[in-house]
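The values are calculated or read from the model by the stated rules, or taken from the named source; none is laboratory data. Predicted, not measured: the structure shown is a model, and the values here were computed from it. Note: ideal-geometry Cβ built from the backbone for every residue, glycine included; neighbour counts use all protein chains shown.
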Ligand SMILES: Cc1ncc(COP(=O)(O)O)c(C=O)c1O
């Protein structure tokens, strides 16, 4: 596998980053995860915008639009058309005459930019939501959930807590309100008083969560989805709960805290949302190959 390190394509085994890199010592960096279907790098502008927002907030000087050149170069080097691309930008390694543990790095430090890609299944395989069990965990993470920080220790601990409770995924609750999961946003189908079902997802600003690119696309292509806070008690009466994310696409939580969610099976709304999502991917692929 060839990886991208500071603009160079190198075999993974020969790609080296200093042990003094601030990404390693401080978790001082941000990242992106991007999906590619049949050579089409999906929603790159959204990924660049989110990465740039995180870089700017952290004061790391790097132009995220460079991903427009770096992504195809990495894909071509690995000869991949269906892939997951990971990019990480850390503040970098202090120069030898600068203190390694200074909380504020020197102004002219060079960021470290690292990317790898992995093969993934094509759009034709996304026929059915995957299925998992979930466990609610108190959201003790920091309050800058909109920054896609590489400091994921709280997410790792939560995932291990969920596994210890016998579940596949942790669903975070902050002050009794649903936020997100360790690596996805959450959609919930709730029964309404008139017998209908409301599909809802928590707002980005009010609970400290990541503005997921998948969530954003789904809000555009499924206008029936409402953005509102979801209380813990509502989760226990939900008809369906499902997770959405770049790698996950759509994953139904059919058991929560050991109890079935709705029928305890993958529900019609998760299927509907996945269908809309794959139709959207197919339409983009078709538009790309249609001559003007
Ligand atoms: C905490 C968290 N929430 C949500 C998401 C989903 O974001 P996206 O749809 O951009 O992959 C991720 C993705 O890594 C995440 O880490």
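Among residues of the range 178-194 that are in the same structural domain as residue 217 (by TED's automatic domain parsing), those with a Cβ under 6 angstrom from a residue that is at pLDDT below 95 and within 15 Å of the ligand (Cβ to nearest atom), sequence gap 6+ or separate chain, pair up as 179/207. Is the range 184-196 home to any residue that is surrounded by 15 or more Cβ atoms within 10 Å (Cβ to Cβ) and closer than 24 Å to residue 38 by Cα? Yes, the range 184-196 has at least one match. Scanning the range 258-292 for residues that are touching a helix residue (DSSP H, G or I) at 6+ places or on another chain (Cβ under 9 Å) and not in a helix (DSSP H, G or I) turns up just one, 261. Of all residues in the range 40-98, those that are at pLDDT below 95 and either buried (at least 17 other Cβ atoms within 10 Å of the Cβ) or within 16 Å of the ligand (Cβ to nearest atom) (or both) total 0.
Yes or no, residue by residue, for (1) under 17 Å from the mean Cα position of the chain (by Cα); (2) surrounded by fewer than 19 Cβ atoms within 10 Å (Cβ to Cβ):
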| residue | (1), (2) |
| --- | --- |
| 229 | no, yes |
| 239 | no, yes |
| 242 | yes, no |
| 269 | no, no |
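In the range 212-240, the residues that are within 15 Å of residue 273 (Cα to Cα) form Cβ pairs under 7 Å with partners that are assigned to a helix (DSSP H, G or I) and more than 14 Å from the ligand (Cβ to nearest atom), at six or more places apart or across chains, as follows: 221/276; 222/276; 240/269; 240/270. Filtering the range 134-151 to residues that are in a strand (DSSP E or B) and either surrounded by fewer than 16 Cβ atoms within 10 Å (Cβ to Cβ) or assigned by TED's automatic domain parsing to the domain that holds residue 22 (or both) leaves only 138.
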